[in-house]
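Visitor: Provided herewith is a single structure, encoded as structure tokens, for subsequent inquiry.
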2 protein chains.
Amino acid sequence: MVTIKDIARKSGVSVGTVSNVINNLESVKIKNKEKVLEVINSLGYRPNKIAASLSKKKTMNVGLIVPDVSSPFYSDLIKGISDALEINGYNIFLCESNNNIQKEEKIIRDLLSMWIDGIILIPVYSKKRNLHFLENIEIPVVLVNREIEGIKKDIVIFDNFGGAFEATQFLIKNNHKKIPILGGPELSKSFEERFQGWKEAMEENNLYKDNLIFRGDFSVEAGHKMMLEALNKADGIDAVFASSDLIALGALSAIDEYNLKVPDDISVMGFGDIYLSKFLKPSLTTIRRPFYNIGKTAVSLLLDRISGNTQKKITKFIIKGKLEIRDSVKIPDQPE
Amino acid sequence: MVTIKDIARKSGVSVGTVSNVINNLESVKIKNKEKVLEVINSLGYRPNKIAASLSKKKTMNVGLIVPDVSSPFYSDLIKGISDALEINGYNIFLCESNNNIQKEEKIIRDLLSMWIDGIILIPVYSKKRNLHFLENIEIPVVLVNREIEGIKKDIVIFDNFGGAFEATQFLIKNNHKKIPILGGPELSKSFEERFQGWKEAMEENNLYKDNLIFRGDFSVEAGHKMMLEALNKADGIDAVFASSDLIALGALSAIDEYNLKVPDDISVMGFGDIYLSKFLKPSLTTIRRPFYNIGKTAVSLLLDRISGNTQKKITKFIIKGKLEIRDSVKIPDQPE
DNA sequence: TATAATACCTGAAACGTTTCAAAGATATTT
DNA sequence: AAATATCTTTGAAACGTTTCAGGTATTATA
């Protein structure tokens, strides 16, 4: 193991000078610099970041806590975060909370003892959640995608309400009138927001009715079940607002089983834009969530704090979705 | 910042004893242990892992290098790795090579200066690849999913040949005779292996013909294009072996455009089992790659090396796929 | 050429742990 | 009670950097 001392000895300068060379300090004479670099190369020296971190009290590492690494949903988010951190020279500790609150807390403790410079946390969802210990953490924390009541931390979330409102209005504008909403687990805040978006759009157009609401979780199976229920219970349905793309997927197959055609008989609006939505037959009209950007935004908030802006007011970014118009919603011919 | 010294002073023991308490050494008298723990709690002390790492020359961190974090393909792999490492108390540095060789090398250098205990590398694919510098790395390295000629490192790969062979044979056994293969970029080793698997199965049954080969990349668009070509060029096609699920997806839509039915007119065999394959209409018969297990296997190889098995012979794990029989392949009624 | 100003270098202290030889305390045996 | 064996504790050295006050070499100014 070759250290800075070996380099110093062999190149005939002090450790301080070697350190300056390594850190690209200006104040080193070109001659010494060259000599040192030469020795570094010849000995295959590699700086020890651990030692440097200890000395500098800065690690250039950031903790990223995700409920589930394998969810395709989070992977774009992770990429946005990863790319943005990388550009700024930070490394990521990737941690998975497995949707478990205890584990999440343990991870945070562990990360703190690794002296990371900041945390990006995608919190596990839970009604009776107490994240107030976050307030006492001495390093910056940015929350992503889930808001937690009363927590004073920078946060980036997706505009579920606005997205659902826009989606529903798009259906209405295109002449759909009887538009049930499919799903979302009752305890999910994002579903609640999507529900409110749908409701508001429906009410504004006097289309809202209680019996248009079907509940289930965000899965394909649930979507299938809810759609069958909807088709059984109500007739005259001309469109459906699925509160996730997976639900829409289930709905599509239920509609198929009923020998109805999408979009001719029924239009289907998804929500979330999973990767394959555009490859379905018919391709799914949906609201895309710009996760990559959400990730980037989170990083910029975090780095801002890390670089000393500790006094700044808490920021809340609400990132808007984008309506992806594809084939699953019928658009009537517009007379010019 | 409260340190081990503060704890020592306040609880009236030496730093050595405090260190022993923190590390759960047996040799501390219960009385002292309790006192120390009490002080630790009251002062909110948190051990500094950086300092410990410097002293122990061990970080309990592992570097994971992935070409693309957001690829759904890798996310199960990452999860397998993440879960297995977590169980063993290791943390992950997640790094993305962006399919760029230079970046991959830089990452490895950076990781080494972080004194990680090992590396799991999913190499960027490239024909003219030279990973021989890996040989000189002093810490364990495990390669995943891509074999690189002449590199003496433990490795876990997927059995592309066997999977393709099995898939093709399944088609043949079920009475399909004219089975073109769709795609895979010419320079891709995994495609080459799948191609060989298909070829061998076809040859064994005297079904092989040159004009059954269509080339393109692993994408949906390519699948669509290749399938159209195939339908134009050859008739009597009763099945198709798509060398990726995305290709199969493209093929499905091309077949649909030709007003043919899957599986009644043409059977479609996919490869890879992406998440949505089972939700397609018809659901896709395909070869599932057990990425989660591949990840776990990689970790166990790595940890084995880390824990001192440096002399052991190089291990090469070839993980078999599993045929997922769904609806896109026609299975003739079997007379009992 | 002497002096002041500037540029560059030095090396010891500090960062917060772990480790381990040695010392001290306690228990066991004679 | 003394001698021995065992169990605990101590505290200084080490891990490999960075930092910075003070020193030395170099350049500019008079």
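Read-outs throughout are calculated quantities, based only on the coordinates presented, and are distinct from any laboratory measurement. Small disclaimer: the values here were computed from a predicted structure and weren't measured. All Cβ positions, glycine included, derive from the backbone under ideal geometry; neighbour counts span all protein chains shown.
Visitor: Placing a label point 7 Å from Cα toward Cβ, how far apart in nm is A:ALA234 from its equivalents in the other copies, listed shortest first to one decimal?
Guide: 5.0
Visitor: Net charge near B:LYS177: determine it from the other residues with C-beta under 12 Å of the C-beta of B:LYS177, scoring Lys and Arg +1 and Asp and Glu -1.
Guide: +2
Visitor: What does the copy distance list look like for A:ARG215, label position 7 Å along Cα→Cβ, in nm and ordered from shortest?
Guide: Relative to the other copies, A:ARG215 has label-point distances of 5.7 nm.
Visitor: Based only on Cα atoms, what mean projected area does the convex hull of the range B:197-239 have, in nm²?
Guide: Hull-based average projected area comes out at 3.4 nm².
Visitor: Can you check what the net charge comes to around B:GLU186, using other residues whose Cβ is under 10 Å from the Cβ of B:GLU186 (Lys, Arg +1; Asp, Glu -1)?
Guide: Overall, the nearby charge balance is -1.
Visitor: Could you tally up the Lys pairs in the range B:160-289 with alpha carbons closer than 19 Å? Skip any pair fewer than 8 positions apart unless they're on separate chains.
Guide: Final tally of qualifying lysine pairs is 19.
Visitor: Hey, another quick one. Given the protein assembly as shown, report the % of alpha carbon pairs whose separation exceeds 48 Å.
Guide: In whole percent, the share of Cα-Cα pairs in the protein assembly as shown beyond 48 Å is 25.
Visitor: Mind listing the long-range amide H neighbours of A:THR285? Cut-off is under 5 Å, sequence gap 5 or more, other chains count too, H placed in the peptide plane at 1.01 Å from N.
Guide: A:GLY270, A:ARG326, A:ASP327, A:SER328, A:VAL329
Visitor: Tilt of helix A:189-204 relative to the longest C-alpha principal axis of chain A, in degrees (0 to 90, nearest 10)?
Guide: 40 degrees
Visitor: Measure nothing but the geometry: give the 0 to 90° angle between the long axis through the Cα atoms of B:291-306 and the longest principal axis through the Cα atoms of chain B, rounded to 10°.
Guide: Between the helix axis and the principal axis of chain B, the angle is about 40 degrees.
Visitor: With +1 on each Lys and Arg Cβ and -1 on each Asp and Glu Cβ, and nothing else charged, work out how big the dipole of the range A:160-289 is about its Cα centre, in Debye to the nearest 20.
Guide: Dipole magnitude for the range A:160-289 comes out near 200 debye.
Visitor: While we're here: Hey, how many Å between the Cα centroid of the range B:1-50 and the Cα centroid of the range B:217-275?
Guide: 66 Å
Visitor: Still on this structure: For each of A:SER243, A:SER126, A:SER19, count neighbouring Cβ atoms within 10 Å of the residue's Cβ, then give the residues from fewest to most.
Guide: A:SER126, A:SER19, A:SER243
Visitor: May I pose another question? Name the long-range amide H neighbours of A:SER267: under 5 Å, sequence gap of 5 or more, or other chain; modelled H, no Pro or chain starts.
Guide: A:ALA239, A:VAL240, A:LYS330
Visitor: Could you state the principal axis extents of the C-alpha atoms in the range A:262-336, from the largest down, to the nearest angstrom?
Guide: The Cα atoms of the range A:262-336 stretch 57, 30, 17 Å along the principal axes, largest first.
Visitor: Convert each backbone phi in the range B:220-227 into a coupling constant with the Karplus relation 6.51 cos²θ - 1.76 cosθ + 1.60 (shift: θ = phi - 60°), then list the ³J(HN,Hα) values in order as whole Hz, x for Gly and Pro.
Guide: Each residue of the range B:220-227 in turn: 4, 4, 4, x, 4, 4, 4, 5 Hz.
Visitor: Please give me the summed charge of the neighbours of B:LYS103: other residues whose Cβ is under 15 Å from its Cβ, Lys and Arg +1, Asp and Glu -1.
Guide: Around B:LYS103, the surrounding residues sum to -3.
Visitor: Compute the long axis of helix A:245-257 from its Cα atoms, compare it with the longest principal axis of the Cα atoms of chain A, and write down the angle in degrees, 0 to 90, nearest 10.
Guide: Orientation of helix A:245-257: about 30 degrees from the principal axis.
Visitor: Under the rule of at least 5 residues apart or a separate chain, name every residue whose amide H is placed under 5 Å from the amide H of B:GLY216.
Guide: Placed amide hydrogens put B:GLY183, B:GLY184 under 5 Å from B:GLY216.
Visitor: Here is a further query. In 10 Å bins starting at zero, report the fraction of Cα pairs in the range B:1-107 per bin as a rounded %.
Guide: For the range B:1-107, the binned pair fractions read 13, 30, 23, 17, 14, 3 percent.
Visitor: At a temperature of 20 °C and a viscosity of 1.002 mPa s, determine how fast the range A:4-47 diffuses translationally according to Stokes-Einstein, using the Kirkwood radius over alpha-carbon pairs as Rh; express D in µm²/s, rounded to the nearest whole number.
Guide: Translational D for this selection: 217 µm²/s.
Visitor: Next question, about the same structure. Bins of 10 Å, beginning at zero and ending with the bin holding the largest distance: percent of Cα pairs per bin for chain A, please.
Guide: 5, 22, 24, 18, 14, 8, 6, 4, 0
Visitor: Can you list, shortest first in nanometers, how far A:VAL15 lies from the same residue in the other copies, with each label 7 Å from Cα toward Cβ?
Guide: 1.6
Visitor: Same structure, new question: In the range A:160-289, what is the volume of the convex hull around the alpha carbon atoms, normalised per residue and reported in Å³?
Guide: Dividing the Cα hull volume of the range A:160-289 by its residues yields 89 Å³.
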